[in-house]
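What follows is a short report on a single structure.
The values are calculated or read from the model by the stated rules, or taken from the named source; none is laboratory data. These numbers were taken from a predicted model, which means no experiment stands behind them. A quick note on method: Cβ atoms are made from the backbone with ideal geometry, for glycine too, and the neighbour counts reach across all protein chains shown.
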Amino acid sequence: MQVSPYLFFRGDCRAAFEFYEKLLGAKIEAILPHAGTPAGEHVPEDWQDKIMHACMTIGDTLLMASDCPPEQFAKPQGFKVSLQIDEPSEAERVFAGLSEGGKIEMPLQETFWALRFGMVTDRFGTPWMINCGKSE
């Protein structure tokens, strides 16, 4: 069994996934717009290029997403996507990237459990936790 987060975006799923792919060294496995699919018949013309389904691998995990119609979109709350990063310098790089245009909730810093830990909501509205644990 595997748990995979599924994110909903306000129409900028493609931009978010392309950003995550570059920043995280991830790989977009699929990114399907409504156009050209049976779903295209059920969305307005200005929604044809919005993403019906996307998935990417980050390390050995899968992150999935789609664009959510404006009348159904709700701000993400009650969760964060957690990244476990081995090297402090890499945690700093990723946190800085996610912070650009976003909102830092807890600056990246050393804690009693981690060499680096911080929380940020990126410019696409996705909430993240970055954790670089201490060796045991």
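Structure notes:
- Test result for Glu21, surrounded by 13 or more Cβ atoms within 10 Å (Cβ to Cβ), closer than 30 Å to Glu90 by Cβ, of a type outside the set (Phe, Trp, Tyr) and out of contact with any His (no Cβ under 7 Å at 6 or more places or on another chain): yes
- Qualifying residue in segment 25-46 (condition: within 13 Å of the chain's Cα centre (by Cα), in a loop (DSSP other than H, G, I, E, B) and on the phi > 0 side of the Ramachandran plot): yes
- Segment 110-136: number of residues that are assigned to a loop (DSSP other than H, G, I, E, B), of a type in the set (Gly, Ala, Ser) and in contact with a Pro (Cβ under 8 Å, 6 or more places away or on another chain): 1
- From the list Pro69, Pro107, Pro76, the lone residue that is surrounded by fewer than 18 Cβ atoms within 10 Å (Cβ to Cβ) and in a strand (DSSP E or B) is Pro107.
- The lone exception for Ser4 - which of (1) crowded, with 17+ Cβ neighbours inside 10 Å; (2) part of a loop (DSSP other than H, G, I, E, B); (3) among the hydroxyl-bearing types (Ser, Thr, Tyr) it fails: (1)
- Top-ranked residue in segment 110-136 [being among the basic types (Lys, Arg) and touching a strand residue (DSSP E or B) at 6+ places or on another chain (Cβ under 7 Å); ranked as surrounded by the fewest Cβ atoms within 10 Å (Cβ to Cβ)]: Lys134
- Each residue in segment 1-42 was checked for being over 17 Å from Phe124 (Cβ atoms) and touching a helix residue (DSSP H, G or I) at 6+ places or on another chain (Cβ under 7 Å), and 2 pass.
- Residue in segment 87-98 that is surrounded by 18 or more Cβ atoms within 10 Å (Cβ to Cβ), of a type outside the set (Lys, Arg), within 16 Å of the chain's Cα centre (by Cα) and under 19 Å from Phe9 (Cα atoms) present: yes
- Selected residue [modelled with pLDDT under 95 and outside the structural domain of Ala39 (by TED's automatic domain parsing)] from Lys103, Lys75: Lys75
- Neighbours by Cβ (under 8 Å, 6+ apart or cross-chain): first from segment 89-104, of a type in the set (Asp, Glu) and part of a loop (DSSP other than H, G, I, E, B); second at pLDDT 95 or above and surrounded by fewer than 19 Cβ atoms within 10 Å (Cβ to Cβ): Glu100/Arg123
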